[in-house]
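The values are calculated or read from the model by the stated rules, or taken from the named source; none is laboratory data. Quantities reported herein were computed from a predicted structural model and do not represent experimental measurements. Reconstructed Cβ throughout: ideal geometry from the backbone, glycine too, with neighbour counts over all protein chains shown. Side chains are part of the model used for accessible areas, which takes the heavy atoms of the whole protein and leaves out ligands, DNA and RNA. Shrake-Rupley method; radii C 1.70, N 1.55, O 1.52, S 1.80 Å.
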Amino acid sequence: MSKKPGLTVLAGPTAVGKGTVSTYIRDNYPEVWLSVSATTRAPRPGEIDGVHYYFKSKEEFESLVAAGEFLEWAVVHGQNTYGTLKSTVKQAIAEGRSVLLEIDLQGARQVKQALPDAQFVFLAPPSWEELVRRLVGRGTESAEEQQRRLETGKVELAAEPEFDHTVINDDVRRAADELVSLMGLTPHPR
Ligand code: 5GP
């Protein structure tokens with residue numbers, strides 16, 4: 001029987017499918033309070049400000065950093081900046097909600113420093129070969145780019161022992177149900 005932690009952090013290697021698992025949870029588990037991150041990335045079609053992300057300009061993001069408003073923040077893939085706002089997360093934890101953060105590894109390490117009592121879950125691929133398949137994609141990348149992604153994937157996979165639990169993303173629904181159980185909630189019957 002797992003305890004019911006207030007805060008659970010889900011992280012894992014690039015291309016493992018964290019976004020798909022958290023979207024499944026957003027759509028199927030309204031009892032989970034899924035944190036909405038701030039980002040400097042432009043919205044993709046269908047993304048709504050305040051629902052999928054708080055979309056910020058670089059200047060707005062920088063002033064939030066300077067004001068100490070972030071629990072964690074990081075530049076992801078050397079491109080855009082993403083961060084979790086302290087105020088909303090702390091309020092949700094104080095209200096006794098089951099809070100889930102879906103963030104990158106750098107962010108997870110910062111949360112571990114700030115809130116060591118949180119639960120850290122690593123989302124892993126079913127195998128290294130499957131991660132290679134997801135990372136390399138449709139073969140549209142150059143050989144150098146593929147090599148760079150594989151090196152990154154190897155380094156990211158090596159972070160697994162830093163986490164309390166590993167969930168294997170073999171099937172999105174199964175992985176989401178396992179994550180919800182780790183959060184001390186009851187998975188929905190199929
Ligand atoms: P995307 O742009 O595809 O929505 O997300 C790209 C990456 O940013 C994913 O690996 C996701 O985990 C990460 N990410 C999203 N929100 C945050 C956040 O608040 N903090 C950190 N550190 N990473 C985040």
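Scanning region 66-79 for residues that are within 14 Å of the ligand (Cβ to nearest atom) and either hydroxyl-bearing (S, T, Y) or exposed (fewer than 14 other Cβ atoms within 10 Å of the Cβ) (or both) gives V75, H77, G78, Q79.
K3: at pLDDT below 95 and either open to solvent by less than 20 Å² (accessible area, probe 1.4 Å) or within 22 Å of A114 (Cα to Cα) (or both), yes or no? Yes; evaluated as a whole, the condition is true for this residue.
Residue check: F61 meets all listed conditions (1) within 12 Å of the ligand (Cβ to nearest atom); (2) surrounded by fewer than 14 Cβ atoms within 10 Å (Cβ to Cβ); (3) more than 26 Å from N169 (Cα to Cα) but one, namely (2). Of all residue pairs spaced 6 or more apart or on separate chains, those with beta-carbon atoms under 8 Å, a first member in region 63-87 that is within 22 Å of E145 (Cβ to Cβ) and assigned to a loop (DSSP other than H, G, I, E, B) and a second member that is within 7 Å of the ligand (Cβ to nearest atom) and of a type in the set (V, I, T) are H77/T14.
What are the residues in region 88-116 that are within 14 Å of the ligand (Cβ to nearest atom) and either open to solvent by 50 Å² or more (accessible area, probe 1.4 Å) or free of Cβ contacts under 8 Å to residues at least 12 places away in the same chain (or both), if any? Correct list: E102, Q106, R109, Q110, K112, Q113, A114. Taking each residue of region 29-50 that is away from the ligand (no atom under 12 Å from the Cβ) and looking for partners that are open to solvent by 70 Å² or more (accessible area, probe 1.4 Å) and of a type outside the set (G, A, S) with beta-carbon atoms closer than 6 Å, six or more apart or interchain, yields W33/R97. Checking V36 against (1) within 19 Å of A176 (Cβ to Cβ); (2) open to solvent by 60 Å² or more (accessible area, probe 1.4 Å), only one condition comes out false. Which one? Tallying (1) within 19 Å of A176 (Cβ to Cβ); (2) open to solvent by 60 Å² or more (accessible area, probe 1.4 Å), V36 fails exactly one: (2).
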